[in-house]
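> Here it is: the structure, laid out below.
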Amino acid sequence: MLEDLMRPHILTLESYTSARDDFSGSADVYLDANENWMDFSGDGKNRYPDPHCAALRRKIEEVLGFKMENTVLGNGSDELIDMLIRLFADPGKDCIMIERPTYGEYKVFAEINNVRVVNVMLSEDLDLDVKAIKMEIDNSRPKILFICSPNNPTGKSFSISKIREIADYNPAITVVDEAYADFDQSFVSAYSLLERNERIVVLRTFSKYWALASSRIGILVASQPIIRAINKIKAPYNLSISAQRDGIKALEEREQRKAILSDILNERARLYKALSAFSFVRWVYPSDANFILIKVDDADGLYAYLMKEGIIVRNRSREPLLDNTLRITVGSKAENDALLEALSEREKSLVS
Ligand code: PMP
């Protein structure tokens with residue numbers, strides 16, 4: 001049973017009930033939550049926000065198709081990663097598993113929670129090594145296996161059939177972090193697997209395609225026992241009223257926002273081609289996300305040079321399999337032009 005995978009004390013703990021849980025209808029006078037009656041903001045910020053983010057989750061169901069009964073929202077998907085680890089992994093006893101190189105927060109949140117991290121390397125072509133993963137599942141019995149698709153920092157989406165094979169084999173929880181899914185036009189979400197495998201959890205975020213990194217909105221999609229348990233450990237008011245409104249507005253404006261997707265995809269293609277032409281760029285990794293990873297002759301030198309030119313990229317060279325790599329976000333046309341111009345100058349100085 002799914003509950004058997006959870007830390008037992010969470011199943012029995014009595015969670016906090018907020019004033020908004022005790023009374024959820026509508027009334028004329030609210031004297032139940034010790035708020036300040038004066039609305040200085042003029043738009044209701046003196047009141048606590050809806051702890052269940054019902055209006056935003058309803059909108060998410062309508063626009064993104066994730067059923068309301070299967071979602072819970074976090075203060076960014078980072079908070080959801082932390083909550084999942086706290087729900088399933090016993091500190092000092094259990095482990096989680098990641099496939100490296102990947103997003104750094106799975107490891108950091110596990111370590112903060114005193115939960116061990118088991119690493120399996122991606123294959124040489126930065127794909128999931130299904131055989132190695134299955135072997136390590138048998139060896140280590142991780143409580144959660146994280147798969148990031150499209151993967152950060154490689155930019156590659158993994159095939160849904162590989163993800164299904166791994167999730168079906170894994171007797172515990174498989175979390176598929178789909179933060180960059182919107183940038184892959186042939187993406188198949190692991191949400192499609194949820195009906196036949198209730199141990200799958202999908203993460204999405206408003207920080208990338210929806211352009212709301214500052215509002216901090218993450219979506220966790222899972223079977224209902226997991227949703228119920230997360231709601232038990234979630235801080236009641238983890239999404240501000242502003243964040244909830246921002247999310248609804250973004251989804252309402254979905255038609256106007258489509259243009260930015262084609263802009264980012266066109267710029268990604270332009271950057272891919274232009275970056276491949278520099279003599280010091282050894283490899284440009286094909287990307288399904290809104291960033292491009294490149295392998296260069298001297299990543300530390302190039303990083304320092306670009307920083308001096310006022311252009312900040314991410315040096316990923318310390319990651320396994322990724323020596324001498326830089327990760328570059330696809331920016332606006334002007335930003336990408338500035339990058340390419342700086343790289344052309346670098347090329348000229350190397351030649352002369
Ligand atoms: N997952 C991945 C793969 C990411 O790259 C990031 C942010 N860089 C996150 C999750 C966290 O996103 P959020 O802003 O929703 O916390």
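Each value in this text was obtained by applying a stated rule to the coordinates, not by laboratory testing. Please read all numbers here as calculations on a predicted model, not as lab measurements. Glycine also receives a Cβ, built like all others from the backbone with ideal geometry; neighbour counts cover every protein chain displayed.
> What pairs from Lys45/Lys143; Lys67/Lys156; Lys45/Lys308; Lys162/Lys273 go past 32 Å between their alpha carbons?
Result: Lys45/Lys143; Lys45/Lys308 exceed 32 Å.
> Could you give the nm distance between label points at Phe187 and Val29, where each point is 7 Å from its Cα heading toward the beta carbon?
5.0 nm
> If you don't mind, there's one more thing I want to ask. Under the rule of at least 5 residues apart or a separate chain, name every residue whose amide H is placed under 5 Å from the amide H of Arg316.
Hits under the 5 Å cutoff: Thr325, Leu326, Arg327.
> Going by average Cβ density within 10 Å per residue, which order do the peptides 29-35, 263-269 take, highest to lowest?
263-269, 29-35
> If the stretch 47-168 were replaced by its equivalent ellipsoid, with semi-axes equal to the square roots of 5 times the Cα gyration tensor eigenvalues, what would those be, largest first, whole Å?
Output for the stretch 47-168: semi-axes of 28, 19, 13 Å.
> Just the projected area, averaged over all directions, of the convex hull on the alpha carbon atoms of the chain: how many nm²?
The orientation-averaged projected area of the Cα hull of the chain comes to 20.1 nm².
> Positive end of the dipole of the stretch 2-252, charges at C-beta (+1 Lys, Arg; -1 Asp, Glu), about the Cα centre: which of Ala110, Leu56, Ala229 has its Cα farthest in that direction?
Final value for the positive-end residue is Ala110.
> Given the peptides 277-287, 179-189, arrange them by the average over their residues of other C-beta atoms within 10 Å, most packed first.
Ranking the peptides 277-287, 179-189 by packing returns 179-189, 277-287.
> Give me the extension gain from Asp22 to Ser352: residue separation times 0.36 nm, minus the current Cα-Cα distance, reported in nm with one decimal.
Gain on stretching Asp22 to Ser352: 111.4 nm.
> Work out from phi, with θ = phi - 60° and the Karplus expression 6.51 cos²θ - 1.76 cosθ + 1.60, the ³J(HN,Hα) of each residue of the stretch 64-74, listed in order in whole Hz, and give x for Gly and Pro.
9, x, 7, 4, 4, 5, 9, 10, 9, 9, x
> Additional query: What angle do you read, to the nearest 10 degrees and between 0 and 90, between the alpha-carbon axis of helix 254-276 and the longest principal axis of the chain?
The angle comes out near 30 degrees.
> If each DSSP helix of 4+ residues adds -39,500 (n - 2.57) and the sum is divided by the residues in the chain, what number results at 222 nm, nearest 500 deg cm²/dmol?
Estimated from H runs of four or more residues: -12000 deg cm²/dmol.
> Using θ = phi - 60° and the Karplus relation 6.51 cos²θ - 1.76 cosθ + 1.60, list the HN-Hα couplings for the stretch 4-17 in order, rounded to whole Hz, with x at every Gly or Pro.
The phi angles translate into 5, 7, 8, 5, x, 5, 6, 5, 9, 6, 8, 7, 5, 10 Hz.
> What are the semi-axes of the equivalent ellipsoid for the stretch 255-351, taken as the square roots of 5 times the Cα gyration tensor eigenvalues, largest first, in whole Å?
Semi-axes (√(5λ), whole Å): 23, 15, 12.
> A further question on this structure: Along the Cα-to-C-beta direction of Asn266, a point sits 7 Å from the Cα; which residues of the stretch 203-243 have their amide N less than 16 Å from that point?
Output list for this probe position: empty.
> Label 7 Å along Cα→Cβ of Glu335; the stretch 285-299 residues with amide nitrogen under 16 Å?
Answer for the stretch 285-299: 289-293.
> Further question on the same structure: Quick query: amide H of Val201 versus all other amide H atoms, modeled in the peptide plane; which residues come in under 5 Å with a sequence gap of 5 or more or a different chain?
It is Thr174, Val175, Val176, by chain and number.
> Using a basic spin-label model with each label point 7 Å from the Cα along Cα→Cβ, how many nm lie between Asn113 and Arg254?
A separation of 3.1 nm, rounded to one decimal place.
> Still on this structure, I have one more. For Lys308 and Leu2, compute 0.36 nm times the residue count separating them, minus their Cα-Cα distance, and round to one decimal in nm.
Gain on extension, Lys308 to Leu2, equals 104.9 nm.
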